[in-house]
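The values are calculated or read from the model by the stated rules, or taken from the named source; none is laboratory data. These numbers come from a predicted model, not from an experiment. Every residue, glycine among them, receives a Cβ derived from its backbone with ideal geometry; neighbour counts consider all protein chains shown. Protein only, heavy atoms only, side chains kept; ligands, DNA and RNA dropped before computing areas. Shrake-Rupley method; radii C 1.70, N 1.55, O 1.52, S 1.80 Å.
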Amino acid sequence: IRREGLERLAEANDSASLEAWRVAYLGRNAPVMQVFSRLGQAPKELRPQIGQSANAVKQALEAAYQEKLEAVRRAALEEELTRQKLDVTLPGRRPFLGRHHIETQTMREILRIFTSMGFQVYSSPDIETDEYNFTYLNIPPHHPARDMWDTFYLTTPGLLLRTHTSPGQIHAMRQFAPEPVRVVLPGMCYRYEQAGARKDIQFTQVELLAVGYDITFADLKGTLQDFADRIFGERLRTRLRPSYFPFTEPSAEMDVECVICHGKGCSVCKGSGWLEIMGCGMVHPVVLQHGGYDPAKFTGFAAGMGPGRIAMLRHAIQDIRSLYENDVRFLEQF
Ligand code: PHE
């Protein structure tokens, strides 16, 4: 019985045949079990001997069974593991990471440059009063210069969406006067006008304002030139062109050479090869007064630049409207 049992056991190699073996060799009707149940029929003096050897057979079979059971389980587990090919050392899947919009990135770089020069970041509201957006900036009601900015008016009389960040100049001056002030002021601006490759109805601006003693146009030019060198990496030439703004005198505009577009029929710089990126000038005495400064003692300079345009020049973006179309294929590039 023992030899046969062990031989059959060697042939059982999965849990089903193993279970069948257990029933056949250790179950209630197994031969060795029959020996026990029929022990009473054997002559009395032989019973201990028969019992002992039957017990030995049973224990041997049981031990062999347990061992085989373990072996079969281990083999099954091993097979399962190789089949699943689980490599715990593989790196996990990278979660999708968002990023800052290219205009935000550009804006932050602009702010970093000016804050490193000692300007502090200042913010003022998107919804402005007529006074702040125009009157205090030396553009009285019915002045023809109001036509320079096509305005979105709110249904509440006297309120509008700021057409530039310049009203922030007045807020900052009124907060700091009569102390000198140096602020850089980012924000969204709105203009009710025809959108095009270089201008949209909504865009960001960064305003710059310095008011103090003995501030001259040379300070303005030096500050802006240093800024241009840093934001464009001294690769691009700039020029200051005389211009007109009611709130600065004298006034100028800064153009940047449109190298990236040369010879490509670039819509951004048209034929000229230059793109205007900001207006600037010496703060008008009337504006200083509205801000709470005595124009006899104080002078100052101001500038208002477009991060969108700066981004266009740095990254060869052909149409400023792509900034707000939210096409991920465009945004993913930066
Ligand atoms: N606010 C002007 C504009 O939006 C730009 C500017 C700012 C010009 C400060 C001069 C000084 O066109």
(request) Kindly provide the set of residues from region 235-252 that are more than 12 Å from the ligand (Cβ to nearest atom) and open to solvent by 60 Å² or more (accessible area, probe 1.4 Å), ordered by number. (result) R235, R237, R239, R241, P242
(request) Run E103 past the list (1) of a type in the set (D, E); (2) farther than 30 Å from R314 by Cα; (3) open to solvent by less than 40 Å² (accessible area, probe 1.4 Å) and report the number of the one that doesn't hold. (result) (2)
(request) Among the helices (runs of 4 or more DSSP H) lying completely within region 226-334, list those that include at least 1 residues that are modelled with pLDDT of 95 or more and within 25 Å of Y136 (Cα to Cα). (result) 285-291
(message) Looking only at residues that are open to solvent by 10 Å² or more (accessible area, probe 1.4 Å) and β-branched (V, I, T) in region 284-308, which one is farthest from Y244 (Cα to Cα)?
(response) T299
(request) Would you please list the contacts, defined by Cβ atoms under 7 Å and residues six or more apart or on different chains, that run from a residue in region 164-187 that is farther than 18 Å from T135 by Cα to a residue that is of a type in the set (D, E, K, R) and within 12 Å of the ligand (Cβ to nearest atom)? (result) L185/E207
(message) Out of everything in region 200-225 that is more than 10 Å from the ligand (Cβ to nearest atom) and part of a helix (DSSP H, G or I), what residue ends up being nearest to T163 (Cα to Cα)?
(response) L224
(message) Only one of A218, A172, A177 is modelled with pLDDT under 95 and of a type in the set (A, V, I, L, M). Can you tell me which?
(response) A177
(request) For region 143-156, state whether one or more residues are touching a Phe, Trp or Tyr at 6+ places or on another chain (Cβ under 8 Å) and more than 16 Å from the ligand (Cβ to nearest atom). (result) no
(message) I'm checking my understanding of the structure. Among residues of region 130-165 that are among the hydroxyl-bearing types (S, T, Y) and in a helix (DSSP H, G or I), which one is nearest to D200 (Cα to Cα)?
(response) Y132
(request) Collect the residues in region 119-134 that are open to solvent by 40 Å² or more (accessible area, probe 1.4 Å) and touching a residue at least 60 places away in the same chain (Cβ under 8 Å), keeping them in residue-number order. (result) Q120, V121, S123, D126
(request) Name the residue, out of A63, A42, A54, A30, that is among the aliphatic types (A, V, I, L, M) and at pLDDT 90 or above. (result) A63
(request) Write out, first by first residue and then by second, each pair whose Cβ atoms fall under 6 Å of each other, whose residues are 6+ apart or on separate chains, and whose first residue, in region 220-231, is open to solvent by 60 Å² or more (accessible area, probe 1.4 Å) while the second is at pLDDT 95 or above and in a helix (DSSP H, G or I). (result) R230/I113
(message) Could you list, ordered by first residue, the pairs with Cβ atoms under 7 Å in which the first is in region 145-161 and among the charged types (D, E, K, R) and the second is within 14 Å of the ligand (Cβ to nearest atom) and open to solvent by less than 70 Å² (accessible area, probe 1.4 Å), at least 6 apart or interchain?
(response) R146/F134; R146/I139; D150/R191; D150/E193
